[in-house]
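Contents: one structure, followed by commentary.
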Amino acid sequence: MPKRLAVVDSGRCVDCLLCALACSRRFGEGGLARSAIAVRSVGGVENGFVVIVCRACPDPPCAASCPVGAITKATVGVRVLPDRCIGCRTCVLSCPFGAVHWDEENNKPVICVHCGLCASFCPHGVIALEEVGGG
Amino acid sequence: MDRLLARVLRVDLTRKRSWVEERPDLFEKGLGGAGVAIELLHELCPKDADPLGPENPIVLAVGPLNPLFPLASKAVAMFKSPHTGNLGESHCGGRVALALRLAGFGALVIQGRSEVPVYLSIHRGRVNFRDARALWGLSSSLTVGRVLREIEPGAGARTILRIGRAGERLVTYATVVAETYRHFGRLGLGAVFGSKNLKALVISGMGTVPIPDPPRYQKLYRELWERATRSELMRKYHDLGTAQNIRPLHQLGALPVRNLLATRYPAEPRFTGERLAEEFLGRRLACSACPVACIHLAILREPHPQEPYFYKTTFVSYDHEPLYALGSLLGMERAEDVLKLIDAVEVFGMDAITTGVVLAWATEAFLRGLVTERETGGLKPEWGRAEVYLEMIRRIAQREGEFYAVLGRGVRAAAERYGGEEFALHFGGNEMPGYHTGPGALLTYLSGSRHSHLDSAGYALDQEALARGEKLTPAELAQRLFQEEARRQVLSSLVVCFFARGIYDLPTCSAALGTLGVPRSPEELEALGVRILRRKYAFKTREGFRLEELPIPKRALEAPTPAGPVEEGFLREALAELRRLLEGEDGLA
């Protein structure tokens with residue numbers, strides 16, 4: 001069964017950003033420029049956090065919105081074809097979660113590929129890989 | 001080494017200009033954090049500078065490990081302290097280190113003074129000077145944070161540093177509040193911000209740090225992550241936070257109570273880490289890059305005084321030191337009352353430890369008749385009376401009248417003006433932290449470069465010695481403290497949280513640096529630690545600090561520690577040895 005990254009319980013999030021930092025390590029680099037996952041407070045840290053990451057929509061609006069076909073649907077989530085992408089940011093606007101992140105250095109979208117590396121570094125069980133069921 | 005780390009962002013508030021300097025020399029030599037900040041301070045702070053004058057620089061620095069390794073989560077601030085008159089150094093977690101590093105800078109230096117209140121907004125590496133006149137004078141530092149959160153970009157990867165009213169009014173122990181609930185707490189960075197008409201500083205950073213050896217880096221990262229998340233110490237900090245210390249210190253008779261007139265209560269106080277976790281804990285938070293989440297927020301639910309079923313809910317961040325200073329040292333009984341006092345210092349932006357010690361001194365001075373209601377403006381301070389202390393905190397932040405203006409300069413100034421120096425709990429002008437464990441703790445407060453318990457952790461040495469039934473000679477104790485403080489300079493140059501000192505021994509620091517293309521042997525790091533410590537001592541000495549002339553409050557010698565009372569002669573002998581070690585064989589660095 002294919003797996004997707006799921007936000008299991010954002011109530012346990014402590015804002016350590018280890019998920020976002022792990023995501024950048026996929027590319028053998030440090031920092032946040034190419035992280036496909038982000039954490040934001042809900043109007044101040046005392047009110048808790050939201051984890052902003054692709055939820056692997058069955059019919060992804062980001063792919064539908066791309067004028068040049070640079071985002072295609074994959075088994076789980078989508079894939080970005082960077083060579084096709086013209087950097088217009090239409091995909092960013094299409095996602096209601098804000099889960100299409102932007103690589104400012106390369107002017108390309110960054111969307112989670114559901115590899116699960118971030119989940120293996122989440123110390124508090126906020127995110128996990130889960131099997132994609134029938135719907 | 002990462003090329004971007006060597007960039008120093010310079011800001012001149014007088015001329016409203018900013019520029020970037022490349023300083024690989026400083027970062028090669030001192031790595032980052034404290035090692036770089038002390039060199040910038042030597043360079044940029046003129047001798048005998050007025051700490052509240054435009055000539056006093058604010059230096060913020062991060063290091064090569066931020067935020068690339070677990071618990072490499074701290075940033076270092078250096079300045080000349082308006083509180084002690086010499087080295088001002090303070091460390092802060094939150095998102096400060098991540099934001100500054102990923103903004104593409106290793107250090108930020110702010111000099112000069114703006115003629116109108118401003119705040120700095122730094123995004124995509126550019127500095128914007130923003131009008132802060134409307135923010136000046138707001139009653140709460142929390143409101144400043146709320147406003148900036150809404151109007152500034154960079155959510156999720158930014159730090160929001162600001163001062164409260166105490167910083168505006170130049171209370172010499174005003175803090176800079178970060179994010180909310182984290183601080184550059186001690187030695188008065190908030191007053192230095194205030195003196196420059198600098199209300200706040202927002203920095204966001206989303207950049208990349210290149211890793212020269214990714215496979216080795218990934219492997220070491222995982223190893224350290226596993227050690228950090230599985231260690232017993234880390235579990236304790238996660239579960240109860242630093243508040244876990246209250247119970248064992250109380251049992252030991254090492255918790256300062258009522259201005260150190262006692263070291264325990266008749267029964268255990270109601271604000272131990274255990275009781276707070278059970279009855280008040282509402283949320284835990286972490287600094288960026290730290291899996292531990294030691295930040296503990298209590299939920300304080302207060303009924304409205306007039307209207308039934310109407311509640312005000314406040315989140316209050318508690319730690320050992322505020323619980324000691326605004327709790328046991330003031331003889332508080334109720335946990336709710338302690339939380340209210342902690343909330344008040346957060347709102348006004350004052351150092352919790354110093355505020356507590358100041359209030360404790362004022363209470364004893366009042367009870368002994370050194371000051372009367374004429375000085376206190378009709379208030380009657382009394383152990384355990386939260387409502388009086390809340391009003392006193394407000395008046396100190398306002399610098400209302402002569403008495404509160406003096407209290408706004410700490411207990412050294414208060415005792416000079418009104419007497420009672422034998423019970424004025426300060427060491428080198430900085431107020432006492434919450435451990436009365438024995439000679440090690442007192443020596444750390446006296447000799448530590450920040451006069452902080454964290455400088456060389458004598459309290460830990462005392463407790464180890466006690467458990468082993470070991471008695472160290474003054475020279476042995478001095479050597480152990482010197483070694484520990486020197487080693488900690490390495491951590492504060494990387495910059496790794498001191499809570500992770502058990503994980504980051506020198507070989508581990510060396511290995512971590514190796515994966516980032518900064519080859520340093522453990523021996524080189526050890527020597528670097530000693531050099532940084534001596535450079536800090538040299539700055540202090542330059543500004544008139546004399547280790548051998550430090551007064552030791554009589555109260556601290558009279559109040560028995562678990563190891564018995566401490567002899568002044570013992571401390572003086574150890575201080576002489578520490579001075580010898582700090583000066584080094586070649587004289588001052």
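List of remarks:
- Evaluation of A:Cys62 against the conditions (1) away from chain B (no Cβ under 11 Å); (2) under 28 Å from B:Leu148 (Cα atoms); (3) not basic (Lys, Arg) shows that the sole unmet condition is (2).
- Residue count for the range A:9-21, restricted to those that are under 25 Å from B:Pro212 (Cα atoms) and either more than 9 Å from chain B (Cβ to nearest Cβ) or aliphatic (A, V, I, L, M) (or both): 5
- Residue pairs whose Cβ atoms lie under 9 Å apart, sitting 6 or more positions apart in sequence or on different chains, and linking a residue in the range B:238-266 that is in the same structural domain as B:Val411 (by TED's automatic domain parsing) and aliphatic (A, V, I, L, M) to a partner that is modelled with pLDDT under 95 and not in a helix (DSSP H, G or I), do not occur here.
- Neighbours by Cβ (under 7 Å, 6+ apart or cross-chain): first from the range B:285-313, assigned by TED's automatic domain parsing to the domain that holds B:Leu65; second in a loop (DSSP other than H, G, I, E, B) and not basic (Lys, Arg): none
- Unmet criterion (only one of (1) within 14 Å of another protein chain (Cβ to nearest Cβ); (2) out of contact with any strand residue (DSSP E or B) (no Cβ under 6 Å at 6 or more places or on another chain)) for B:Gly145: (2)
- Test for B:Phe498: is it touching a residue at least 24 places away in the same chain (Cβ under 8 Å), under 30 Å from B:Gly106 (Cβ atoms) and surrounded by fewer than 18 Cβ atoms within 10 Å (Cβ to Cβ): yes
Every residue, every condition in (1) among the aromatic types (Phe, Trp, Tyr); (2) under 23 Å from B:Leu138 (Cβ atoms); (3) surrounded by 24 or more Cβ atoms within 10 Å (Cβ to Cβ), yes or no:
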position: B:Phe348; (1), (2), (3): yes, yes, yes
position: B:Gly369; (1), (2), (3): no, no, no
position: B:Glu373; (1), (2), (3): no, no, no
position: B:Arg385; (1), (2), (3): no, no, no
position: B:Gly401; (1), (2), (3): no, yes, no
position: B:His426; (1), (2), (3): no, no, yes
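- Exactly one residue out of B:Leu442, B:Leu506 is outside the structural domain of B:Thr354 (by TED's automatic domain parsing) and closer than 21 Å to B:Thr84 by Cβ, and it is B:Leu442.
- For the range B:84-132, the set of residues classified as farther than 25 Å from B:Leu31 by Cα, touching a residue at least 24 places away in the same chain (Cβ under 8 Å) and in contact with a Pro (Cβ under 8 Å, 6 or more places away or on another chain) consists of B:Gly85, B:Gly112, B:Arg113, B:Ala132, listed by residue number.
- Condition met for B:Ser452 (in a loop (DSSP other than H, G, I, E, B), among the hydroxyl-bearing types (Ser, Thr, Tyr) and closer than 25 Å to B:Ala191 by Cα): yes
- Breaking point among (1) closer than 17 Å to B:Thr175 by Cβ; (2) part of a strand (DSSP E or B); (3) of a type in the set (S, T, N, Q), for B:Thr313: (1)
- Residue within the range B:171-193 that is more than 12 Å from chain A (Cβ to nearest Cβ) and over 18 Å from the mean Cα position of the chain (by Cα) present: no
- The residue that is nearest to the other protein chains (Cβ to nearest Cβ), among those in the range B:203-238 that are buried (at least 24 other Cβ atoms within 10 Å of the Cβ) and under 21 Å from the mean Cα position of the chain (by Cα), is B:Met234.
- Test: residue in the range B:556-566 that is in contact with a Phe, Trp or Tyr (Cβ under 9 Å, 6 or more places away or on another chain), within 30 Å of B:Gln251 (Cβ to Cβ) and either not assigned by TED's automatic domain parsing to the domain that holds B:Val36 or not hydroxyl-bearing (Ser, Thr, Tyr) (or both): yes
- Under the condition of being buried (at least 16 other Cβ atoms within 10 Å of the Cβ) and of a type in the set (D, E, K, R), the residues counted in the range B:119-144 number 1.
- For the range B:363-393, a tally of residues being in contact with a helix residue (DSSP H, G or I) (Cβ under 7 Å, 6 or more places away or on another chain) and either basic (Lys, Arg) or closer than 29 Å to B:Trp136 by Cα (or both) returns 10.
- Entry remark, the range B:1-43: residues being under 26 Å from B:Gly544 (Cα atoms), surrounded by fewer than 18 Cβ atoms within 10 Å (Cβ to Cβ) and either hydrophobic (A, V, I, L, M, F, W, C) or touching a residue at least 24 places away in the same chain (Cβ under 8 Å) (or both) number 1 in total.
- A:Val132 vs. criteria over 16 Å from the mean Cα position of the chain (by Cα) and facing chain B (nearest Cβ under 10 Å): no
- Residue, surrounded by the most Cβ atoms within 10 Å (Cβ to Cβ), within the range A:22-54, restricted to residues that are farther than 17 Å from A:Pro96 by Cα, in contact (Cβ under 8 Å) with a residue 60 or more places away in the chain and facing another protein chain (nearest Cβ under 9 Å): A:Ser35
- Of all the residues in the range B:239-295, those that are more than 27 Å from B:Phe184 (Cβ to Cβ) and either within 22 Å of the chain's Cα centre (by Cα) or within 12 Å of another protein chain (Cβ to nearest Cβ) (or both) number 3.
- Between B:Val147, B:Val192, the distinction of being modelled with pLDDT of 95 or more and surrounded by fewer than 24 Cβ atoms within 10 Å (Cβ to Cβ) belongs to B:Val147 only.
- Residues within the range B:239-254 that are part of a helix (DSSP H, G or I) and surrounded by fewer than 23 Cβ atoms within 10 Å (Cβ to Cβ), tallied: 8
- Qualifying residue in the range B:314-336 (condition: more than 23 Å from B:Thr143 (Cα to Cα), in contact with a His (Cβ under 9 Å, 6 or more places away or on another chain) and among the charged types (D, E, K, R)): yes
- Selected residue (criterion: surrounded by the fewest Cβ atoms within 10 Å (Cβ to Cβ)) from residues of the range A:75-134 that are among the hydroxyl-bearing types (Ser, Thr, Tyr) and over 29 Å from B:Cys290 (Cα atoms): A:Thr75
- Filter result for B:Ser493 (touching a Gly at 6+ places or on another chain (Cβ under 9 Å), among the small types (Gly, Ala, Ser), assigned to a helix (DSSP H, G or I) and closer than 28 Å to B:Cys290 by Cα): yes
- You will find that of B:Leu71, B:Leu60, the residue that is in contact with a helix residue (DSSP H, G or I) (Cβ under 8 Å, 6 or more places away or on another chain), away from chain A (no Cβ under 14 Å), touching a residue at least 24 places away in the same chain (Cβ under 8 Å) and hydrophobic (A, V, I, L, M, F, W, C) is B:Leu60 and no other.
- Residue in the range B:312-332 that is farthest from the other protein chains (Cβ to nearest Cβ), counting only those that are under 11 Å from B:Gly356 (Cα atoms) and of a type in the set (Gly, Ala, Ser): B:Gly331
The values are calculated or read from the model by the stated rules, or taken from the named source; none is laboratory data. Nothing here was measured: the structure is a model prediction, and the numbers come from that model. Don't worry about glycine lacking a Cβ; one is built from the backbone with ideal geometry, like all the others, and counts go over all protein chains shown.
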